[in-house]
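To start, the structure under review is shown below, and the notes come after it.
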Amino acid sequence: MPEGDTVWRSARRLDQALTGATLTVTDFRVPELATLDLTGQQVEETVSRGKHLLTRLPEVTIHSHLKMEGSWHLYKLGSPWRSPAFQARVVLATDRWQAVGFRLGALDVVPRDQEHTLVGHLGPDLLGPDWDADEALARLLRSPEVPVGEALLDQRNLAGVGNLYKCESLFLLGIHPELPIGEVHVLPEVVDKAQRLLVMNRERAEQTTTGNARRGQRHWVYGRAGQPCRRCGTPIESGTFATARDQARAAGEASSVDNPSQARVTYWCPTCQPAPS
Ligand SMILES: [Zn+2]
């Protein structure tokens, strides 16, 4: 799943390519938007809010979410696409560029003044100009019994952290992912670490949390199940933690892209991150 830094970079690339240009083609390949034609409108900007992308035209906003495997590609007019056409959900073209959204997890077009219906529930954006750590901490602590690993992924608390930065931040602070968030005595440091990792990586194509960009050296624990901890040598563990809330969701509670609806594989060092007693 793309993290906030990946979405931020996608927004910047779209913004640089499309802003100020007039749309010469708009092709929405989802049933609800199939008849919509925004040709002739000028693109004002593209911004990210957490893991959401907002492309603003004078009257409407095109909202997209990459979810698990979506991506935006930019092509010079006439260049071949690098993904199959049947996976394209939308094409926005100007006289220079084609922006193609592939396998998008969500795609909507709303009046500009209705953007809040799509992103108004999000917590403070870790990469936003208005990042507010105190507000994020207050939201995280509203449900002190929730495991910290789950609370950090809930975009209603803070927007932009995915599974990679969750696992890595918790390792760096020595916190077990199952510890109830109300018992994390270094919670401000965990949030600060996640934000710094996102900022550090937003200009990079290859995400690293170790400072080493070489393949196999980029992460402390994420994706390293069974390999020795880089600090203490203990084999890294992995697993999913099914919680009572997961079971409630499975029984029908509503979930969304911002409300983690399934347990994700978590990685941790059992020595550096002792289990809660
Ligand atoms: Zn360790």
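Since every read-out is calculated from the coordinates, none of them should be taken as a lab result. What you see is a predicted model; the values in this text were computed from it and never measured. With ideal geometry, Cβ positions are generated from the backbone for all residues, glycine too; neighbour counts draw on all protein chains shown.
Per the helix-only calculation at 222 nm, which mean residue ellipticity applies to the chain, given -39500 (n - 2.57) for every DSSP H run of n ≥ 4 and division by its residues, nearest 500 deg cm²/dmol? Walk me through the intermediate numbers first.
Numbers: 7 runs with 64 residues, N = 277.
Per the formula, -6500 deg cm²/dmol.
Note on residue 133/residue 42: beta-carbon distance plugged into 1/(1 + (r/R0)^6) with R0 of 30 Å gives a FRET efficiency of 0.25. Under a 5 Å amide H cut-off, with hydrogens placed 1.01 Å from N, residue 51 pairs with 160 among residues at least 5 apart or on other chains. Computed from backbone phi, the HN-Hα couplings of region 94-104 come to 10, 6, 10, 10, 10, 9, 10, x, 9, 6, 5 Hz, rounded to whole numbers (Karplus: 6.51 cos²θ - 1.76 cosθ + 1.60, θ = phi - 60°; Gly and Pro given as x).
In this label model, residue 141 and residue 83 are separated by 4.1 nm, measuring between points 7 Å along each Cα→Cβ vector. Taking every lysine pair in the chain that is 8 or more places apart or spans two chains, those with Cα atoms closer than 17 Å amount to 4. How would region 20-100 be classified by its alpha-carbon gyration tensor: rounded, prolate or oblate, with rounded meaning a/c under 1.5 and the a/b versus b/c comparison settling the rest? Note, shape of region 20-100 comes out rounded. Note on the chain: the alpha carbon radius of gyration divided by the globular reference 2.2 N^0.38 Å gives 1.07.
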